[in-house]
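Engineer: Take a look at the following structure, please.
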Amino acid sequence: MSSAVPFGSILFDRPAEAGQDGDRSVFADLNLDQVFAAMASRWDEYDLMPFFGVPLHDLQSVEYRHQILRDMEGEAVSAALAEFADRMHDMRTYLAQSAKLRYRYQKESWFLDAARIYCQAVGALTGSCDRAG
């Protein structure tokens, strides 16, 4: 029997933190809402803004986040993540096309293609991260 904690996000070392929400009213007072919006605008499809409001309450969480960012600076990991993001964009495009179609088998074909893209992307990311070690 495994005691492993289920994976939630690379942004949080404890899954419970991911569900927290902070007081975003201070963002506007400090014009941080504009700073965060400018930072996230390039990746609108990911809906990143809610992550900027999640407080990190202890040093361990901050150090964990910094280590993740350091790991992402590596060329191999960075390239693998960029490729994964591109494939996820492709998958969402296929899902959107599937939703627009009227004929059942055509919809299902696009959905299965989206699932195939997802599985291949996850497999490629896993392999890349294993090699980057």
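Engineer: So Val26 ticks every box in (1) closer than 22 Å to His89 by Cβ; (2) of a type outside the set (Phe, Trp, Tyr); (3) modelled with pLDDT under 85 but one. Which box is left unticked?
Structural biologist: (1)
Engineer: Tell me yes or no: at least one residue of the stretch 50-73 is farther than 21 Å from Leu11 by Cβ, not in a loop (DSSP other than H, G, I, E, B) and not hydroxyl-bearing (Ser, Thr, Tyr). Show your work before the answer.
Structural biologist: Of the residues in the stretch 50-73, the ones farther than 21 Å from Leu11 by Cβ are none.
So far as the stretch 50-73 goes, no, none of its residues is farther than 21 Å from Leu11 by Cβ, not in a loop (DSSP other than H, G, I, E, B) and not hydroxyl-bearing (Ser, Thr, Tyr).
Engineer: Still on this model: Please give the number of the condition Ser98 fails out of (1) closer than 21 Å to Leu11 by Cβ; (2) among the polar types (S, T, N, Q); (3) crowded, with 16+ Cβ neighbours inside 10 Å.
Structural biologist: For Ser98, the exception is condition (1).
Engineer: Conditions: (1) under 14 Å from the mean Cα position of the chain (by Cα); (2) at pLDDT 80 or above; (3) within 30 Å of Asp130 (Cβ to Cβ). Asp44 meets all but one. Number of the miss?
Structural biologist: Checking Asp44 against (1) under 14 Å from the mean Cα position of the chain (by Cα); (2) at pLDDT 80 or above; (3) within 30 Å of Asp130 (Cβ to Cβ), the one that fails is (3).
The values are calculated or read from the model by the stated rules, or taken from the named source; none is laboratory data. On a predicted model such as this, the values are computed, not experimentally measured, just so you know. Here the Cβ is made from the backbone with ideal geometry for all residues, glycine too, and neighbour counts use every protein chain on show.
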